[in-house]
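What follows draws every value from the coordinates through simple rules; no lab data is involved. The structure displayed is predicted, hence computed values, not measured ones. Glycine gets a Cβ as well: all are built from the backbone with ideal geometry, and neighbour counts include every protein chain shown.
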Amino acid sequence: MTPLGYFTLMSAFLFCTGIYGVLTRRNLIGILISIELILNAANINLVAFNKYLGSSDGMGQVLALFVVAIAAAASVVGLVLIIAIYRNAKSVFVEDFNLMKE
Amino acid sequence: MMNIAHYVPLSPLLAFVINIIFGRKLKSASAAVAIAASIGSLILSVKVYQGLSFGYGSYHLGQWLTINGKALNFGIIVDPLTVMMLLIVSFIGTLILIYSTGYMHGDIRYSRYFAYISLFMSSMLGLVLSDNFVMLLICWEGVGLCSYLLISFWHERPAAVAAGIKAFVTTRIGDTGLLIGMLILFFTCGTFYFCDLATVKGPEPLMTLAAILIFTGAMGKSAQFPLHVWLPDAMEGPTAVSALIHAATMVAAGVYLVARCFPLFVAHPIALETVAVIGAISALMAASIAVVTNDIKRVMAYSTISQLGLMMLALGVGGLSAGTFHLMTHAFFKALLFLCAGSVIHAVGTQDIQKMGGLFSTLKITSSTFIVGTLALAGIFPFAGFWSKDEILITAWNNHHPIFFGVVLLTSFLTAFYMGRLIFLVLFGKSRSDLHPHESPASMTVPLIVLSLFACFVGFIGSPLKEAGRMEAGVETYWIMLASSVVSISAIFLAYFVYLRGFLPVSIRSRFKGLHDLLSHKYYIDEFYDFIFVKPCALLCRMAYSFDFHVIDGLVNLVADLAQSVSGVLRKFQTGFAQNYLLVQALGLVVIIIWLLKI
């Protein structure tokens, strides 16, 4: 049986990649994809811990499915926002949206 | 009937309020509002004139102030002098408003112009109705303000702005004198009322000083030497304004003031002598400058100074009726001349008389009325100016002032000469440049015709004050009429030969070059004032400005710069990029996790 550490390492790696992507990507779509990575990192954890903690009701897997569904909905909303922003500003690069500074 | 007089200035005041608030909406209807108000004033003035036969005096509308325990009332005075001024202001004002509808047509500040003129008329009518110095001073400043506003009316032109400031500051010097004079009068005699002036008594040198200071105010307003410098520059304003304010009415306010305070001046011979001397200097000086001036409006301006000088001189030699009579006739023919000048400028688009010439053939109406005005000003029988100038000459002679008599004769010679020069250069001869003149519209020519009728006949009517002067003049003064006629006619003939026939040898021209230079530089008075007053004042201002700029502003800017440099550091943290905030958030989360794990 694959040790739990592998899964958590994999999950941590995905999470850090996601965080890195969110912080450094200039493209809004890239940021959205990075957020998906973070969510999936959480999902791996949920599924792995469900298996190793030996719970028989599969609560972790159910929760992971929920997260997948909600992530899909969230990315739809995110994409809609991006399209709205793009229509206004003719740009998908975050450095063009510094309205908070003005 | 008498106590309706205070409604006379209210009608133009109403027009002013309407035009200043709703002017943008009214557009060209604002002229109709102003003209209607002016006609209202004229009708009321005529009513007041009719009421004059039932006696005259002053009446109070109510108490205004209490100064040193003495009540000051809103007093209205109604007597022949006031009524004469009321009629002049409202009648000429109405004509000039009608003229302005043509002259100002298409101006971007059309309604504003009529608002100012209405305010001016209101102030001027209030000025002549005031029965005390305080109300007079308020209206006096009111007309000064309107004069300033209207001189600088085309404020896109720097020269107009400069002229407005010059007029305002110069008259203010005189106004300060007037204020001090009336305060001296109040604190020594305890009265602001004109009707008390005949009986006031006070310590001697002080009272003479008060009279002279009051005359200083008149000097500023009536552009008498040495405060005459503003009037020629005031010609930057619209010509209709020059006709109403700077020829017929406002500049006559100084003469009116001296006439109103006449008992005070009579009681103090030195003050009266000052009036006569200043008047004589102004009359001669301005007339001589007018001979060499080439700007048609400036010729008129110097002519106005000169004629106002004659009025002052007439008052100074004791001729109250002569001075006020000349004020009246002058108001008509000088307004006429200015409006003619305006019509000529409107037609040819230049003010330089050297470029005009031969306009008689194209501008028939304007030219005819121009000639009538010229004859009236030059004092040719039987036009208006003849009678009033004759009156001044008779007064000067009867009161044994042969020098002033000579001054008046010399001035009338110069007057006839420069007016002759003007009409021969402008109306006759050959055109000296390729202008395409066109006659002005009816709204401009009709007032000209009406005024020229008055310039012809107003001399016969005589002012309400005139009769007494005529009686004592006697029959043996006909030689004076003859002398003044001969002088004026010969001057016009001289002008004819010199300017139309070119009958002036070059040798004579070169011999008088020094004199010509002196005159064309206006006796270097402007340069003198510039050197004595303007330059040091400007230097002081520059020093004050530099102190203000470097020290006061420097301190304020230092504080601001400090605050800015500190906030500049703090500002760096606020980049406005969501990712930067997110980074800090993530780092913060990491720190918290590390901290939690350690414990």
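Some observations on this one:
- Fewest-first sequence of B:Val78, B:Val556, A:Val94, B:Val169 by Cβ atoms within 10 Å of each Cβ: B:Val556, B:Val169, A:Val94, B:Val78
- Taking the centroid of alpha carbons for each part, the stretch B:248-319 and the stretch B:168-186 are 18 Å apart.
- Shown is the FRET efficiency for B:Arg432 and B:Arg157, computed with R0 = 30 Å from the Cβ-Cβ distance and rounded to the nearest 0.05: 0.75.
- The convex hull of the Cα atoms of chain B, projected and averaged over all directions, covers 40.6 nm².
- Scalar couplings 3J(HN,Hα) for the stretch B:169-177, obtained by applying the Karplus form with A = 6.51, B = -1.76, C = 1.60 to θ = phi - 60°, are 5, 5, 5, 4, 4, x, 4, 4, x Hz; x denotes Gly and Pro.
- Judged by the ratio a/c of the largest to the smallest principal axis of the C-alpha gyration tensor, the stretch A:4-96 counts as oblate, that ratio being 1.5 or greater while a/b is no larger than b/c.
- When the helices of chain B are scored as -39500 (n - 2.57) per DSSP H run of n ≥ 4 and the total is divided over every residue, the value at 222 nm lands at -23500 deg cm²/dmol.
- Helix B:110-129 and the long axis of chain B differ in direction by around 60°, with both axes built from C-alpha atoms.
- Taking every alpha-carbon pair under 8 Å whose residues sit at least 6 apart, the stretch A:4-96 reaches a relative contact order of 31 percent.
- Spin-label model, A:Ile82/B:Phe460: points 7 Å from Cα along the beta carbon direction are separated by 10.1 nm.
- Label-point separation, B:Tyr545 to B:Ile270 (7 Å along Cα→Cβ), nm: 4.2
- Between helix B:535-547 and chain B: long-axis angle, C-alpha atoms, 0 to 90°, nearest 10: 10
- Pairwise Cα distances in the stretch B:113-261 exceed 26 Å for 25 percent of all pairs.
- Magnitude of the charge dipole for chain B, about its Cα centre and with charges confined to Cβ atoms of Lys, Arg (+1) and Asp, Glu (-1), is about 1280 debye.
- Cα-based helix-to-principal-axis angle, B:80-103 vs chain B, degrees rounded to 10: 60
- Going from the fewest other Cβ atoms within 10 Å to the most, the residues B:Cys261, B:Cys195, B:Cys340 appear in the order B:Cys195, B:Cys261, B:Cys340.
- Cα centre as origin, Lys/Arg/Asp/Glu Cβ charges: the stretch B:516-588 dipole, Debye: 500
- Distance from the Cα centroid of the stretch A:1-48 to that of the stretch B:104-160 is 82 Å (rounded to whole angstrom).
- When the stretch A:4-96 is described by a simple charge dipole with +1 on each Lys and Arg Cβ and -1 on each Asp and Glu Cβ, the residue from A:Gly58, A:Asn88, A:Cys16 located farthest towards its positive end is A:Asn88.
- For the stretch B:1-110, the spread of Cα positions along the three principal axes, ordered from largest to smallest, is 52, 34, 18 Å.
- Pairs from B:Lys364/B:Lys430; B:Lys25/B:Lys334; B:Lys70/B:Lys166; B:Lys572/B:Lys598 whose Cα-Cα separation, in the structure shown, is over 26 Å: B:Lys25/B:Lys334; B:Lys70/B:Lys166; B:Lys572/B:Lys598
- Note on the protein assembly as shown: Cα-Cα pairs beyond 51 Å make up 36% of the total pair count.
- Ordered by the count of other Cβ atoms within 10 Å of each Cβ, fewest first, B:Ile21, B:Ile92, A:Ile82 give B:Ile21, A:Ile82, B:Ile92.
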